[in-house]
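Everything on this sheet refers to the single structure shown next.
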Amino acid sequence: MITMEISYDVRVWQIETRQGLRRDSYRGRWSVAGRRRGRTFQTYALADGFRAELLTATHRGDPFDVLTGLPATHGPRASMVGWYDFALQFVDCQWPRVSANHRRNTARTLMIVTTALLTWDPPGVGQRRVRIALQQWAFNTGRRDSAPDDVVAVLGWVRRHTPTMEVWNDPAAVEDVLLVLGTLLDGTPAAASSVQRHRRVLNLVMRYAVRRRVLLENPLPRGRGGQRKRSIAVDRRCLLNPRQAAGLLDRVRRRPRGGARLNTFFTTLYYAGMRPEEAVAPKVRDLVLPQAEEDDQWGEVTVHGAEPEVGRQWTQTGTAHEQRGLKGRDERETRCVPCHPALAHVLGDYVAARALRPEDRLFAGERGGVLAGSVYRRAWRQARQEVLPPHVCASPTGKRIYDLRHTCLTTWLNSGVPPAQVAEWAGTSVAMLFVVYAHCISGQTKELQRRIEAVWDIASPDAAA
């Protein structure tokens, strides 16, 4: 169903004559819902004819489309809508409904597309400043109105020099934009995951243009369009063995500043398989730990949500972290994750040593609040450099914090825990679990072979005799 935002608040003004170096031009001017519009013509007759069409529509009482500025009875007019203005409209439309991380990804994609549609840079302004102005200000609904004067000047130039939406009717232009989305600034191919994300955002923009009757159809090619296949399977080389994990955790614990907190944080990721943005969210009351004398007992932690770090300019609250529900679940859902006895012991000592109250955050920053990602990433990077041999440190082994979760889930699977149970503890689906960790499952070949041999032994002729 096609929907549009319409208005009857329309004003049509007299034609404006603009003197040029070679010839004069004539600009038709009108406004819809208080938003000024304009279109330039080479002759006065064309401008007057266009103005007459607008006046006729207002006299008939026709509604006007707020986005295009044209009567709602007109068909798609891609040539009347600038790409820059339409991109702003798209950002403002989805801003209240999407996550902060999605806002940031959308802004980056639209910035790349907009710079690709520009034929040259503003005079005296480098491309880097243009990209910053677009990504950090233009395509950020919360900051756009507070942009400094120099940024406003750059964005004004961009608005005047970007093409209209009619550019998407040119297959060559579409192909050029897709090529830019798949290439880094240095000319090397972008990561397959980044290309897929950019194309997904651009596809949403094009579908929005069709719904708003700016374009007749989605101009993006269907299918993969020659893009490289993205593999989400975990590389076995990134997994940590028990000796490596123990050495890294011990080195983090011996840090003179915040070592105990970071050691407990990493230990939680290693034994409970939580995502980093989930591990920074729990409070002490979410823990169920055994008594001090029960060293061999398991504990449990209830995960209520996640607090990913996306930057204060993208969140509704103005904080660096956004409070969200569990990934792929309803906002009110929770999940329970078992705590290995070793983890339960570490958590119990940590809570007791800091005299934490039930309402306190389990892993708080030095000044309170959420533990910053820059802090624990820096600590992990330093620990790898000091503990692992140079050739191992240069490899993917434990390179990312997320590899602690990968190691935990792989350990569960290789220990024979049913995949459905692992998926429940990890907060993912069984299908995704097999896709991501299928290459990491090992150590069960002999047992499986014995089971197969037992079946064939029963069915063999010798057994029947």
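The values are calculated or read from the model by the stated rules, or taken from the named source; none is laboratory data. Since we're looking at a predicted model, the values are computed, not measured. Cβ: placed from backbone, ideal geometry, glycine included. Neighbour counts: every protein chain shown.
The table below gives the values:
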read-out	value
Positions within the stretch 266-294 being surrounded by fewer than 23 Cβ atoms within 10 Å (Cβ to Cβ) and under 12 Å from Cys336 (Cα atoms), in sequence order	Pro282, Asp286, Leu287, Val288
Residue within the stretch 275-289 that is assigned by TED's automatic domain parsing to the domain that holds Ala372 and closer than 21 Å to Pro396 by Cα present	yes
Residue check for Ala192: in contact (Cβ under 8 Å) with a residue 24 or more places away in the chain and closer than 30 Å to Cys393 by Cβ	yes
Residue within the stretch 295-311 that is surrounded by fewer than 22 Cβ atoms within 10 Å (Cβ to Cβ) and without any contact (Cβ under 8 Å) to a residue 12 or more places away in the chain present	no
Checklist (1) over 22 Å from Arg213 (Cα atoms); (2) in a loop (DSSP other than H, G, I, E, B); (3) hydrophobic (A, V, I, L, M, F, W, C) applied to Leu67, failing item	(1)
Wholly enclosed helices (runs of 4 or more DSSP H) of the stretch 275-391 bearing at least 3 residues of a type in the set (Ser, Thr, Tyr) and either closer than 27 Å to Val98 by Cα or at pLDDT below 95 (or both)	none
Selected residue (criterion: modelled with the lowest pLDDT) from residues of the stretch 192-243 that are in a helix (DSSP H, G or I) and among the β-branched types (Val, Ile, Thr)	Val210
Check on Asp176, part of a helix (DSSP H, G or I) and either acidic (Asp, Glu) or not assigned by TED's automatic domain parsing to the domain that holds Leu117 (or both)	yes
Residue satisfying all of: in the stretch 1-40; in contact with a Ser or Thr (Cβ under 7 Å, 6 or more places away or on another chain) and either assigned to a helix (DSSP H, G or I) or of a type in the set (A, V, I, L, M, F, W, C) (or both); nearest to Thr68 (Cα to Cα) among these	Val32
Any chance Ala133 is more than 28 Å from Asp186 (Cα to Cα), of a type in the set (A, V, I, L, M) and either surrounded by 14 or more Cβ atoms within 10 Å (Cβ to Cβ) or in contact with an Asp or Glu (Cβ under 8 Å, 6 or more places away or on another chain) (or both)	no
Subset of the stretch 443-465 [modelled with pLDDT of 70 or more and either closer than 30 Å to His304 by Cα or of a type in the set (Gly, Ala, Ser) (or both)]	Ala454
Matching residues in the stretch 418-434 - criterion: being among the aliphatic types (A, V, I, L, M) and surrounded by 15 or more Cβ atoms within 10 Å (Cβ to Cβ)	Val422, Ala423, Ala426, Leu433
Only listed residue being over 28 Å from Arg253 (Cα atoms) and without any contact (Cβ under 8 Å) to a residue 60 or more places away in the chain, chosen from Ala423, Ala394, Ala438	Ala423
